[in-house]
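The values are calculated or read from the model by the stated rules, or taken from the named source; none is laboratory data. Bear in mind that the values here come from a model prediction, so they are computed numbers and not experimental data. All Cβ positions, even for glycine, are placed from backbone atoms using ideal geometry, and neighbour counts span all protein chains on display. The accessibility values were calculated without ligands, DNA or RNA, using every heavy atom of the protein model including side chains. Shrake-Rupley method; radii C 1.70, N 1.55, O 1.52, S 1.80 Å.
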Amino acid sequence: MPEAMVAARESNVANGTAQQVDVAVVGAGFAGLYLLHRLRKAGLTAVGLEEAGDVGGTWYWNRYPGARCDIQTIDYSYTFDPELETAWTWSEKYATQPEILRYLGFVADRYDLRRDIRFKTKVTEARWDEATARWQLTTSNGAPVSARHYIMATGCLSAPKPPEIDGVKDFKGEVYFTGRWPHDGVNLAGKRVAVIGTGSSAIQSIPLIAEQAAHLTVFQRTPNFALPAHNGPAPSDRMSLLQGDRTAYREQARQSMAGVPYPQQTVVSWQLSDAERRERFERAWAAGDLVHILTQLWADQAVDVDGNKIVQDLIREKIRAAVSDPETAAALMPDDHPFGAKRPCLETNYYATFNRPNVTLVNLRQEPIKAITAGGITTARRNIDVDVIVFATGFDAMTGAIRAVHPITGRGGKSLTDVWAQGPQSYLGLTVEGFPNFFMITGPGSPSVLSNMAVSIEQHVDWVVDRLAALRDAGFTAIEPTETAQAGWNRHMADCSMVTLHRLANTWYTGANVPGKVQGLMPYTGGVGPYRSICDEVVSRGMLGFKLTGPDGAAQCNDGEVVKLQPDVRLVLNLLASLNLPPIESMGAIGARAFVEEFNKGRPAGRPIGDIVDGTLPGPDGPLPYRVYKPSTSGPHPVVVYFHGGGWVLGDEQSDEPFCRDMVRRTGMMFVSVGYRHAPEHRFPAAAEDGYAAARWIAEHATELGGKPGPVLVAGWSAGGNIAAVTCQLARDRGGPDIAGQLLVCPVTDCTFDRPSYNDNATGYFLTRSLMYWFWDLYCSPADRTDPRVSPLRGKVAGLPPAYVVTCEFDPLRDEGIAYAEAMAAAGVPVEQLRARGHFHSSFAMVDVIITGAPGRVQMAQALRRFAGLPPEVSRDDEHSHVSPGHRIAAAAS
Ligand code: N01
């Protein structure tokens, strides 16, 4: 900043007239400092407003004993300047709070940032002024500020939560909050100390407090998972990765899910033996790295309760071994939340501390605190006298850091508190509709606390500053998200939240730690890399979802939602696009079959079920292979005749194995998957006739196959859905077999290509229009296409068995599936539909890959059970409950 401007600013501060800047930044922690640096480089004037007396943010306030980072420090650093990276060397794998604070001071000095910061200055009110298109801020100290843009770099955990315990004021001893620890330290020697809480702050401080105190009593409401930090020098393997190729290392972090460069795991827990799982776990335990153990064990650890429970059990085993007193050990073992769903902690001597004679654990689940008294703490069972109470009770997280700090009033006098009354609303976690030129760094709705904050902060700051510079260069003065974009982001947030297990724990992530706070998962769970690509996509699509306005009525608005796909569908489609595969239809039938076979080898095979038996049945023109998938319970079970997908050209009786296994587990029924003949070797009506003949034979031989005699059910996906639908019509017209219900998943039902879904989804969603043309050409000549045996929508649809029809939003076949369901319903057939939002043609077949498909398959299974006259869910007694709790949760969630 030119000297004259600094002088002008200082005189403004002194004389009370508003300080005029392009950007006002609240906070001088990791985010605020980098913002000031980037804004200055972009030629924007800025002021930092900081309540504390110096830089540091969370590291300024949280000075309790043992405070450290718990992301390895080499990862928890700025990466924007390679020279800065080599100018600073961390002394430990996990640096202490004083060292991190020194680092932030070093950064502030190196880039001369303090000169733009007003310390000991709180913003007391922020108001958008429509007339000037500027934010007007009042402050607790010095001049007000008038800024074009207002950026909250307030962190996520900066508003400590009040204790919510009666009698705190009556206590005559010393009271401390970990989040506001005195700067000159606290002497606990010889004192009786109480620590309330067992989150990260408590887990870090308890071992050190126990070393000083005469006696320490820990009041625990919810036990937390803690893992050994194994602190020391930065591990050589990570250091050599970083030093070997710093640029690649940092880039991998930016594209990763958690902001630390670890690969994505692909092997799921049930593909590993007990010994292999233990070996992975012990390796992770020895690594002393939160992100490692949270992401590197097996692919389903964070998304499936069964895969997660294995980790939980292994950690509980470690706690049991570390704590001598079995009752204390049991109390310290978390059992009410999935591992990772509540923020786990890194510890040094935490569990061992409970073996000390001067430490007592009070389990508040058994004896809740009734009140704090003059001399100590009274629980439901006893009075405990203490000299000092340390509240490690956490924060009003994320929204508290923004909302609780000061009133923020946007366009039309709207208050942010009111707008967020039902939970935080945002676009990208960065901006809020109705609050022009207002930005949040790592705000609710962004990966923030579920990521390495250093990486997320840099990404947000870069994105915001680049936008502000572009806005200025284009002559606009205001930017604000649209309602559509914000609503779409909230929907996407909700979709993402269904993938991981975070929603299953009561935590500060969901607001559950603050009485009366509206609950909902606040951070974005879709991952750092995907999130970054979404932010970039918003820009590449012309600031999608933003209104830009400027002088003389200048305006630009490219309205829309940036993500309409389910998050995992988006990942899969992006991955497929990045492979640059040739179109399947260009491979020829033989080549395409080989490709599909190869492709299928890379997917999870499906979870264990009972027997799998292969056989052949007599088809109209020779034997047809079949594969029987049986539940693990004793039968006989109702029989589902299943037809695989593959456009009448590809696949076989084994190619939909993950789907069949999954449905067997969910329905408790037996699936018989039929290997019908394929085109072009066998054209229409071979597949249709095979399907019908197979259904008839299977129904007649149900007992021999191990199934229950009586009506069968039919099911199929894609072209298999077509064969299932046709089979029902033929069975009605040809005297059986008796069919109790039909499940049609994304079925082909008609030979026209002019429904909107064919145009809307012609390309980009794996099953393309041109691939469908190819399938049709190979299977059926144009003259035959209106035959109901290939276009069942053209046939008579009355008198068919009850149907459950599944269609996917991003599927060329969507509208013909819906048309078939509607035609059947109009003809009096009982029909239910599942119109799957954000899904593509393969969503439900990609079991254990498209996690968001699970609730849909739960509904399909329930429909099949209804058709068979069974209760909606497999009962626990039906088997050793092969419907996992995860599936039940998914069912409940759906
Ligand atoms: O706070 P917390 P924190 N009566 O909310 C208990 C980051 N961090 O300051 O779980 C009795 O986790 C509460 O119990 P329950 C990190 O992201 C990082 O420890 O609500 N108990 C819980 O045990 C972390 O997650 C580091 O049942 C009460 C504890 O207090 C976040 O900050 C270090 C209570 C609060 O735990 C917050 O951590 C420290 C009551 N009325 C923090 N109210 C690093 O290592 C609350 N509790 C980088």
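So, in the stretch 199-220, how many residues would count as being touching a helix residue (DSSP H, G or I) at 6+ places or on another chain (Cβ under 8 Å), of a type in the set (A, V, I, L, M, F, W, C) and within 11 Å of the ligand (Cβ to nearest atom)? Here the count works out to 4. Within the span defined as the stretch 813-820, one or more residues are of a type in the set (A, V, I, L, M), open to solvent by less than 10 Å² (accessible area, probe 1.4 Å), within 30 Å of GLY591 (Cα to Cα) and not in a helix (DSSP H, G or I).
Just so you know, in the stretch 221-242 the residues that are surrounded by fewer than 21 Cβ atoms within 10 Å (Cβ to Cβ) and not in a loop (DSSP other than H, G, I, E, B) include one that is farthest from the ligand (Cβ to nearest atom), and it is SER240. Residues in the stretch 149-175 that are in a loop (DSSP other than H, G, I, E, B), open to solvent by 50 Å² or more (accessible area, probe 1.4 Å) and within 16 Å of the ligand (Cβ to nearest atom): LEU157, PRO162, GLU164, ASP166.
Taking each residue of the stretch 147-175 that is of a type in the set (Gly, Ala, Ser) and looking for partners that are away from the ligand (no atom under 14 Å from the Cβ) and open to solvent by 20 Å² or more (accessible area, probe 1.4 Å) with beta-carbon atoms closer than 7 Å, six or more apart or interchain, yields ALA147/ASP22; ALA147/ARG134; ALA159/ALA404; ALA159/VAL405; GLY167/THR373; GLY173/ASP387. Here ARG250, ARG280 are screened, and the one residue that is without any contact (Cβ under 8 Å) to a residue 60 or more places away in the chain, of a type in the set (D, E, K, R) and open to solvent by less than 60 Å² (accessible area, probe 1.4 Å) is ARG280. Considering each residue of the stretch 177-190 in turn, at least one proves to be buried (at least 22 other Cβ atoms within 10 Å of the Cβ) and among the polar types (S, T, N, Q). Residues in the stretch 387-412 that are out of contact with any Asp or Glu (no Cβ under 7 Å at 6 or more places or on another chain), open to solvent by 30 Å² or more (accessible area, probe 1.4 Å) and within 17 Å of PRO481 (Cα to Cα): GLY412 only. Looking only at residues in the stretch 650-679 that are aliphatic (A, V, I, L, M) and under 15 Å from GLY721 (Cβ atoms), the one that is surrounded by the most Cβ atoms within 10 Å (Cβ to Cβ) is VAL674.
Within the stretch 350-362, identify whether any single residue is out of contact with any Asp or Glu (no Cβ under 7 Å at 6 or more places or on another chain), in a loop (DSSP other than H, G, I, E, B) and without any contact (Cβ under 8 Å) to a residue 24 or more places away in the chain, and answer yes or no. The answer is yes, given that some residue of the stretch 350-362 is out of contact with any Asp or Glu (no Cβ under 7 Å at 6 or more places or on another chain), in a loop (DSSP other than H, G, I, E, B) and without any contact (Cβ under 8 Å) to a residue 24 or more places away in the chain. Report the residue count in the stretch 496-524 for those that are away from the ligand (no atom under 15 Å from the Cβ) and either open to solvent by 30 Å² or more (accessible area, probe 1.4 Å) or under 15 Å from GLY443 (Cα atoms) (or both). Result for the stretch 496-524: 5. The residues of the stretch 421-468 that are touching a residue at least 60 places away in the same chain (Cβ under 8 Å), touching a Gly at 6+ places or on another chain (Cβ under 9 Å), assigned to a loop (DSSP other than H, G, I, E, B) and within 27 Å of GLY550 (Cβ to Cβ), listed by number, are GLN425, SER426, LEU428, GLY429, LEU430, PHE435, PRO436, ILE441, GLY443, GLY445. Just one of the listed residues (VAL405, VAL465) is at pLDDT 95 or above and among the hydrophobic types (A, V, I, L, M, F, W, C), namely VAL465. Being within 33 Å of the chain's Cα centre (by Cα), away from the ligand (no atom under 14 Å from the Cβ), of a type in the set (A, V, I, L, M) and open to solvent by 30 Å² or more (accessible area, probe 1.4 Å) is the requirement here; does ALA329 meet it? Spelling it out, it is not the case that ALA329 is within 33 Å of the chain's Cα centre (by Cα), away from the ligand (no atom under 14 Å from the Cβ), of a type in the set (A, V, I, L, M) and open to solvent by 30 Å² or more (accessible area, probe 1.4 Å). Checking each residue in the stretch 70-122 for being touching a Gly at 6+ places or on another chain (Cβ under 7 Å), assigned to a helix (DSSP H, G or I) and away from the ligand (no atom under 16 Å from the Cβ) picks out only ASP116. Residues in the stretch 123-137 that are within 14 Å of ALA24 (Cα to Cα) and surrounded by fewer than 16 Cβ atoms within 10 Å (Cβ to Cβ): THR124, GLU125. For VAL193, are the conditions met, namely being within 30 Å of GLY375 (Cβ to Cβ) and away from the ligand (no atom under 11 Å from the Cβ)? Against the criterion (within 30 Å of GLY375 (Cβ to Cβ) and away from the ligand (no atom under 11 Å from the Cβ)), VAL193 qualifies.
In this structure, TRP285 does not satisfy being open to solvent by 50 Å² or more (accessible area, probe 1.4 Å) and within 27 Å of the chain's Cα centre (by Cα).
Each row is one residue, and each column tells you yes or no for (1) at negative phi; (2) within 16 Å of the ligand (Cβ to nearest atom); (3) open to solvent by less than 30 Å² (accessible area, probe 1.4 Å); (4) part of a loop (DSSP other than H, G, I, E, B).
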{"position": "LEU346", "(1), (2), (3), (4)": "yes, yes, yes, no"}
{"position": "GLU367", "(1), (2), (3), (4)": "yes, yes, yes, yes"}
{"position": "LYS370", "(1), (2), (3), (4)": "yes, yes, no, no"}
{"position": "ARG381", "(1), (2), (3), (4)": "yes, yes, no, yes"}
